[in-house]
Amino acid sequence: MRQRYFSGIQPTGELHIGNYLGAIKSWIELQDSFEGIFGIVDYHAITEPYKPEDMPKRVFDTALDYLAAGLDPNKSILLIQSFVPEHTEMAWLLSSVTPVSWVERVPTYKEKARQLKTQVNMGLLSYPVLMAADIVLYKSTIVPVGEDQLPHLELTREIVRSFNSKYRSKYGYKYGSKSGDIFPEPQAYLAGGSRIMSLTEPMKKMSKSLGAHNYIALADPPDVIRKKLAKAVTDIGPGGGEMSPGTKNLFQLMSLFSSKETCDHFKQLYDEGNIRYSDMKQKLADDIISDLGPIRDRRLALSLRPEYIRKVLIEGSNRAREIARQTLHEAKERMGLTYF
């Protein structure tokens, strides 16, 4: 049996190149060596204000992008979190071994609490526990994450240690572990991609929350990509000092989408003080359009097959439930919650 990994993404609608390069591309490359469990985590998404009428399309678009980017339903599982109720039941079990102080110290919780102020809810506070449940429910041995998610994963590892310590079985081999631990401690698999910054606010990570002008979506047509890059922030002109964040971001994108010769050419022009950013942006746009072309074509073709997308999601969620039920039963048995 192949080892498993879990990766979850909130259904925010269409994915952008920051999502793709920073994580999803690396996640999908793992499919040949691991059994991938990909979750569209809609329960996580409802911890912040949203429009209920938008959620079905957001879930559909996220599934569309996953499949267009290369997720293979024959190798991996694509599920909707709310279709697998074992996620929330496992989260409740794990919450009983998780001190409140552990979740209060998570950096993303502190940041969201500052942003939402009076709209902070229990779901937001317990978000990391549900994330831990997502992972342990499939006994994931690795979790593909970006660096900003490492605190969440470390908390998951602490929760796993807490549960294993409290409910360790004297019958070690019963659950496939000599130590008697039910859950493996998941290891971080740092995505090979890079942290992609906003086109218009390059000190911030590329995010849909900053507005459509700051990111390039996988589904953006060529003319939109050109317009967005044309408005990308750079500097007034190389002045011999440190490269500006916006210019660094353009060179970062060029290193990921363009050839080494192209990168070297524009870097030389920059060093000489002769660079024309309009030329650089035009070339970068050409290369991004070319690179994303196959994804965009697959996405268009898949969008015409909504029944197929639904079939993949339903079948994937059902396959996930088979695994989740067994793990949940084992956990409840350890806790003395199986009575008959």
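The values are calculated or read from the model by the stated rules, or taken from the named source; none is laboratory data. Note that this is a predicted model, so its numbers are computed, not measured. Using ideal geometry, Cβ is built from the backbone for each residue, glycine included, and neighbour counts are taken over all protein chains shown.
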Of the numbered conditions (1) under 30 Å from Pro56 (Cβ atoms); (2) under 25 Å from the mean Cα position of the chain (by Cα), Lys227 fails exactly one; give the number of that condition. (2)
Given the conditions (1) within 27 Å of Tyr5 (Cα to Cα); (2) touching a residue at least 60 places away in the same chain (Cβ under 8 Å), which single one is not true for Ile225? (1)
Restricting to region 11-40, give me the number of residues that are crowded, with 21+ Cβ neighbours inside 10 Å and within 22 Å of Tyr215 (Cα to Cα). 14
Any residue at all in region 240-255 that's outside the structural domain of Arg58 (by TED's automatic domain parsing), in contact with a helix residue (DSSP H, G or I) (Cβ under 6 Å, 6 or more places away or on another chain) and not in a helix (DSSP H, G or I)? no
Provide a single number: the residues in region 276-298 that are at pLDDT below 95 and in contact with a Pro (Cβ under 7 Å, 6 or more places away or on another chain). 0
For the structure I just gave you, tell me whether Arg296 is assigned to a helix (DSSP H, G or I), outside the structural domain of Thr247 (by TED's automatic domain parsing) and not hydroxyl-bearing (Ser, Thr, Tyr). no
Need the failing condition index for Asp271 against (1) buried (at least 17 other Cβ atoms within 10 Å of the Cβ); (2) in a helix (DSSP H, G or I), just the number. (1)
Filter result for the condition that a residue is over 24 Å from Arg195 (Cα atoms), of a type outside the set (Asp, Glu) and buried (at least 19 other Cβ atoms within 10 Å of the Cβ), over Gln119, Gln81: Gln81
Consider Arg114 carefully, then state whether it is charged (D, E, K, R) and without any contact (Cβ under 8 Å) to a residue 12 or more places away in the chain. yes
Kindly indicate whether any position in region 86-101 is in the same structural domain as Pro11 (by TED's automatic domain parsing), in contact with a His (Cβ under 6 Å, 6 or more places away or on another chain) and buried (at least 19 other Cβ atoms within 10 Å of the Cβ). no
Within region 306-319, can you find the residues that are within 15 Å of Leu71 (Cβ to Cβ) and without any contact (Cβ under 8 Å) to a residue 24 or more places away in the chain? Tyr308, Lys311
In this structure, does His16 turn out to be within 26 Å of Phe183 (Cβ to Cβ) and over 11 Å from the mean Cα position of the chain (by Cα)? no
Taking region 174-193 as the search range and keeping residues that are part of a loop (DSSP other than H, G, I, E, B) and modelled with pLDDT of 65 or more, which one is surrounded by the fewest Cβ atoms within 10 Å (Cβ to Cβ)? Glu185
